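Encoded as structure tokens, the structure appears first; notes follow it.
Readers should treat all values here as calculations from the given coordinates under stated rules, not as data from a laboratory. Note that this is a predicted model, so its numbers are computed, not measured. No Cβ is skipped: glycine too gets one built from the backbone with ideal geometry, and neighbour counts run over all protein chains shown.
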Amino acid sequence: MTISYFILFLSVIGIFLFCYFIATRVWIKVDEEKKDSNNQPKNRRDFLYISSMSIGGLGVASFMWPFVKSMSPAEDTLALGSTEVDLSEIGIGQSITVKWRGKPVFIKRRTEEEIFAAQNVDLSSLRDPISDEDRVQNPEWLVLEGVCTHLGCVPLGQKMSDTKGEFEGWFCPCHGSHYDTSGRIRKGPAPENLAVPPYRFLSDTIIKIG
Amino acid sequence: MQNSSEPKKYKNSFLNWIEYRLPIVSYIEKEYGDYPMPKNCNYFWSFGALASIILVILIVSGIFLAMNYTPHTDMAFNSVERIMRDVSYGWLLRYLHSNGAAFFFIVVYIHMLRSMYYGSYKYPRELNWILGVFIFLLMMATSFLGYVLPWGQMSYWGATVITNLFSAIPLIGEGLKTWILGDYTVGNATLNRFFALHYVLPFVILGVVGLHVAAVHVHGSNNPAGIDIKSKDDTVKFFPYMLVKDTFMVCVFGVVISAIIFFGPNLMAEVDNYIPADPLVTPSHIVANWYLAPFYAILRAIPDKLGGVILMFGAIAILFILPWLDSSKTRSCNYRPIYKWFMMLFFVNFFVLGYVGMMPAEGIYLLIARIGLVYYFAFFLIITPLIGKYEKPGHLPASIRDVYIDGKNY
């Protein structure tokens, strides 16, 4: 994962700088001591000090790598799971929650009014502007990752009895983010719209997520 | 056996034998026997000793809990229930550990407020304060990790919310979050590493506490008058005077924590954590642990994700530079007639922030949180530097001994 490489890069730079400054200090001190004692010229051995410390530092840094990398998701976790979902049982206006890669995915069969509301929004009024057409493959079916983009809670709105928020979509109870019928952020602290996972229709009633 | 050239400092020959090879006996004698404490120190000076005793209690009870705990998503919740129901005295160990953690924060908060009120963080004890803030940071991390382990609903969603804070960092945030979790969501990999870290961090805290204590012993303890020790008349020996005082404090603390453990063990817990973790259902109201609530309130008061995260961490980070923000030479607020009241207001404000941090983030609570947030930062960045410049401090006693001669016993 890129983040582990980033951390490796930072630690190498950090250790290199550390060694460099330490070495420079040693150099200066050695210099001063020489001046004090017998005014000898700079010793070429100082170069050896610096270079051996730097190489040693790099060695330590590269030894850190396996430890850092071991914390990234393991290979079995990385192996992308995919989920097939049968949509035939879902009535108009209903929605279901399925689990994909440990996260909840919302699948909603939208009503005419909801599609109309989602499509007729002034895009410039949105925080994360994108039209409803770009978020769905078939306007009737809305597929979303049910993870609030603020701090990762699962928004309410899947059950009939849930609070759906001011825009009749989803409402995150943790910190009060309101999403509309296209899962776009309309009000509250979340910075982005609910993510759309990769999916495709295998037939009219079966979709494959992932 | 004993070489005749070895010095005979103590009556006990075994102590002499040790002392010659490792001078730990004289060290303990110097630091915990003859160590001079200012004689005007009040009971607020017992909270440091109290905190270290609680730390030991937490480590011991934690080790015994770990013997019965299973860090796996399928088994963690049930293993905690087993500790509560089947393991002999498991309930006592667990309630001692969870309530002990809460009391650790209470005691450390009082310890910190004492340092702030009496100016203990000022020259020459700045490094001591920095080490203390570092301990506080480690404590917050450790308590968060520990809160995840029972794998209830609050554990799971608390972990989700806190680790998502890192995803607010631009560019690397999302990757950093995945690296910390070891998965795309909070999962088994996360629980495992949180358990490993929760086990090791208390020992790191113990190490830093050692440095913290060693550092305070270099220049000696501060005192309510905030003036330096000038002569032997200003002090009493740690043993027996302060030891007795600290022991009395530990007894009082023991009564209080026993009352909580035996009569209200779940007073400071959230009921939702007795529901097993469910990744598909978020509890309607995620509550932070009360001891982290002031910072949680700051996080939620900002309607912007990155901004909230920056301010929350900033609220802790700003403590590190407090010794350099305060421009006044007078340590104790007892002799600072104006700053004293701003300090009191700061304490009240901190409590209020904690309260609103546990309430839903809407309406009046949001407004209060925002006002509290402004005061929190204004106190450090504007009030503290400015008042130090313009305030006329009260007349300081010439020595600690004179405090008693003045007839004002503080």
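By how many degrees, 0 to 90 and rounded to 10, does the Cα axis of helix A:45-70 deviate from the longest principal axis of chain A?
20 degrees
Using a 10 angstrom cutoff on alpha carbons, build the Gaussian network for chain B and name the most mobile of B:GLU126, B:GLU31, B:GLU19.
B:GLU19
Specify the angular offset, from 0 to 90 degrees and rounded to the nearest 10, of the alpha carbon long axis of helix B:188-219 from the longest principal axis of the alpha carbons in chain B.
20 degrees
Between B:PRO38, B:PHE136, B:GLY90, whose Cα lies farthest towards the positive end of the dipole of the stretch B:1-137 when Lys and Arg beta carbons carry +1 and Asp and Glu beta carbons carry -1, centred on the Cα centre?
B:PRO38
Who wins for biggest fluctuation among A:CYS174, A:CYS148, A:CYS19 in a Gaussian network model of chain A, springs between alpha carbons below 10 Å?
Largest GNM mean-square fluctuation: A:CYS19.
Go from 0 up to the bin containing the longest alpha carbon distance in chain B, width 10 Å each, and give me the % of pairs per bin.
4, 19, 27, 25, 16, 8, 2, 0, 0
Report the paramagnetic label zone for B:ILE53: residues of the stretch B:237-269 whose backbone N is under 17 Å from a point 7 Å from Cα along the Cα-to-Cβ axis.
What the label zone holds, given the 17 Å backbone N cut-off, is B:238-261.
How do B:ASP304, B:ASP86 line up, fewest other C-beta atoms within 10 Å first?
Sorted ascending by nearby Cβ count, the order is B:ASP86, B:ASP304.
Expected output is a single nm value to one decimal: the length gained when fully extending between B:TYR43 and B:VAL60, i.e. 0.36 nm times separation in residues minus the C-alpha distance. What is it?
Once the chain is fully extended between B:TYR43 and B:VAL60, it gains 3.5 nm.
Across the stretch A:79-209, how many lysine pairs, 8 or more positions apart or on different chains, have C-alpha atoms separated by under 17 Å? Please give the number.
Within the stretch A:79-209, the lysine pair count is 8.
Check the cysteines of chain A one by one and keep only those with no other cysteine Cβ under 4.7 Å from their own.
A:CYS19
Relative to the longest principal axis of chain B, what angle (0 to 90°, nearest 10) does the C-alpha long axis of helix B:305-320 take?
10 degrees
If each residue of separation counts as 0.36 nm, what is the full-extension length gain between B:LYS237 and B:ASP402 once their alpha-carbon separation is subtracted?
Here the answer is 57.5 nm.
With label points built 7 Å along Cα→Cβ from the Cα atoms of A:ILE206 and B:ARG21, find their separation and express it in nm.
7.7 nm
Rank these for me by crowding, A:LEU194, B:LEU145, A:LEU58, going from fewest to most other beta carbons within 10 Å.
A:LEU58, B:LEU145, A:LEU194
Return the FRET efficiency for the residue pair B:LYS30, B:MET84: r is the Cβ-Cβ distance, R0 is 41 Å, and the value is rounded to the nearest 0.05.
My answer for the efficiency is 0.35.
Using a 7 Å offset from the Cα along the Cα-to-Cβ direction at both B:LYS9 and B:ALA317, what is the distance between the two label points in nm, to one decimal?
4.6 nm
Taking R0 as 41 Å, what's the FRET efficiency between A:SER125 and A:THR24 from their Cβ-Cβ distance, rounded to 0.05?
0.10
Please state, as a whole number in µm²/s, the translational diffusion coefficient that the Stokes-Einstein equation yields for the stretch B:175-308 at 4 °C and 1.567 mPa s, with Rh defined as the Kirkwood radius across alpha carbon pairs.
Calculated translational D: 63 µm²/s.
Need the list of lysines near A:LYS69 for cross-linking: C-alpha distance under 17 angstrom, and skip anything on the same chain fewer than eight residues off.
Answer for A:LYS69, where 17 Å is the Cα cut-off: B:LYS177, listed by chain and number.
Specify the residue with the greatest mean-square fluctuation among B:ILE83, B:ILE364, B:ILE302, computed from a Gaussian network of chain B linking alpha-carbon atoms under 10 Å apart.
Comparing B:ILE83, B:ILE364, B:ILE302 in the GNM, the peak value goes to B:ILE364.
Calculate the mean, over all residues of peptide B:305-318, of how many other protein chain Cβ atoms lie within 10 angstrom of the residue's Cβ.
Average neighbour count from other chains, rounded to a whole number: 1.
Hey, fewest Cβ within 10 Å first, where do A:GLU84, A:GLU168 land in order?
Fewest to most other Cβ atoms nearby, the residues stand as A:GLU84, A:GLU168.
Of all the C-alpha pairs in the stretch B:311-360, what % are more than 14 Å from each other?
Beyond 14 Å sits 68 percent of the P(r) for the stretch B:311-360.
If I stretch the segment between B:MET67 and B:ILE169 completely, what's the gain in nm (0.36 nm per residue apart, minus their alpha carbon distance), one decimal?
My answer for the length gained is 33.0 nm.
Can you tell me the relative contact order of chain B? Whole percent, Cα pairs under 8 Å, sequence separation 6 or more.
Dividing the mean separation by the residue count of chain B yields 22 percent.
Using the crude model of +1 on Lys and Arg Cβ and -1 on Asp and Glu Cβ, and no other charge, please compute the dipole size for the stretch A:79-209 relative to its Cα centre, in debye to 20.
520 debye
Provide, in order from the shortest bin, the percent of all Cα-Cα pairs of the stretch B:61-214 in each 10 Å bin, continuing until the bin that contains the maximum pair distance.
P(r) for the stretch B:61-214, in whole percents per bin: 10, 33, 31, 21, 5, 0.
Taking R0 as 25 Å, what FRET efficiency do you get between B:TYR123 and B:HIS217 from their Cβ-Cβ distance, rounded to the nearest 0.05?
0.90
Quickly estimate the mean residue ellipticity at 222 nm for chain B, helices only: each DSSP H run with n ≥ 4 gives -39500 (n - 2.57), and the total goes over all residues, rounded to 500.
So the helix-based figure for chain B works out to -20000 deg cm²/dmol.
Per residue and in Å³, how big is the convex hull formed by the alpha-carbon atoms of the protein assembly as shown?
252 Å³
Need one number: nm distance between label points at A:LEU8 and A:GLU140, each 7 Å from Cα along Cα→Cβ, rounded to one decimal.
5.0 nm
Sorted from largest down, give the three principal axis spans of the alpha carbons of the stretch A:79-209, whole angstrom values.
Principal extents (Cα only, largest first): 35, 32, 28 Å.
Can you compute the helix-only [θ] at 222 nm over chain A? Use -39500 (n - 2.57) per DSSP H run of at least 4 residues, normalise by all residues, nearest 500 deg cm²/dmol.
Using -39500 (n - 2.57) per qualifying helix, the result is -12000 deg cm²/dmol.
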